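Participant: Got a structure for you, questions after.
The values are calculated or read from the model by the stated rules, or taken from the named source; none is laboratory data. Just so it is clear, the structure is predicted and the values come from calculations on it, not from any experiment. All Cβ positions, even for glycine, are placed from backbone atoms using ideal geometry, and neighbour counts span all protein chains on display. The area values use the complete protein model at the heavy-atom level, side chains included, leaving out ligands, DNA and RNA. Shrake-Rupley method; radii C 1.70, N 1.55, O 1.52, S 1.80 Å.
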Amino acid sequence: MEWLRFCVIALFLLASLGMAVISVAGVFKFKFILNRMHAAAIIDSFVLLLAMLGVAVAYGFSFATLKVVLIVLLVWVASPVSGHLIARLEVTTDKHLSEECEVRE
């Protein structure tokens, strides 16, 4: 039973690490800021979820697990709001936005 638990923890943490590497590669690969923000948002949401699931399985269901779930929920609420505000600032201030993407009048 202990091996199964170890394998589940390792699977969550390795999946988290793999997604983080892919996301960081996307941040450095893309040139346009909105594409980079999308790649960085993967780190905030999915990678955090996978890592925290691995930690929660490692510690079992306890008060610490509840804290981890609350941290994930806080990040899931705050990250899209801040990302939206930064993207909106970029869209309103970029004079050459139509060169990168389709802009409605």
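Participant: With Cα extents along the principal axes in Å in mind, check [x] 63, 25, 22; [y] 59, 26, 17; [z] 43, 33, 17 and report the label derived from this structure.
Facilitator: It is the one labelled [y].
Participant: So, with a 1.4 angstrom probe, what is the percent of accessible area on the chain that is carbon and sulfur?
Facilitator: Carbon and sulfur: 73 percent of the exposed surface of the chain.
Participant: Please name whichever of VAL77, LEU4, LEU34 sits farthest to the positive end of the charge dipole of the chain, dipole taken about the Cα centre and charges placed at Cβ: Lys and Arg +1, Asp and Glu -1.
Facilitator: LEU4
Participant: Can you give me the Cα centroid spacing of the range 48-105 and the range 15-40 in angstrom?
Facilitator: One Cα centre to the other: 13 Å.
Participant: On to the next question. Nearest 20 debye, what's the magnitude of the dipole of the chain about its Cα centre given +1 on Lys and Arg Cβ and -1 on Asp and Glu Cβ?
Facilitator: My answer is approximately 240 debye.
Participant: Taking θ as phi - 60°, what are the ³J(HN,Hα) couplings along the range 75-84 by the Karplus curve (6.51, -1.76, 1.60), each to the nearest whole Hz, with x for Gly and Pro?
Facilitator: 5, 5, 7, 6, 5, x, 5, 5, x, 5
Participant: Rolling a 1.4 Å sphere over the protein heavy atoms, what is the accessible area per residue of the chain, to the nearest Å²?
Facilitator: Roughly 77 Å² per residue, with all protein chains present.
Participant: For the chain, what is the mean residue ellipticity at 222 nm derived from helices alone (per DSSP H run of n ≥ 4: -39500 (n - 2.57); sum divided by total residues; nearest 500 deg cm²/dmol)?
Facilitator: -27000 deg cm²/dmol
Participant: Compute the helix-to-body angle for 33-42: its Cα long axis versus the longest principal axis of the chain, expressed 0 to 90° and rounded to tens.
Facilitator: For helix 33-42, the angle is close to 10 degrees.
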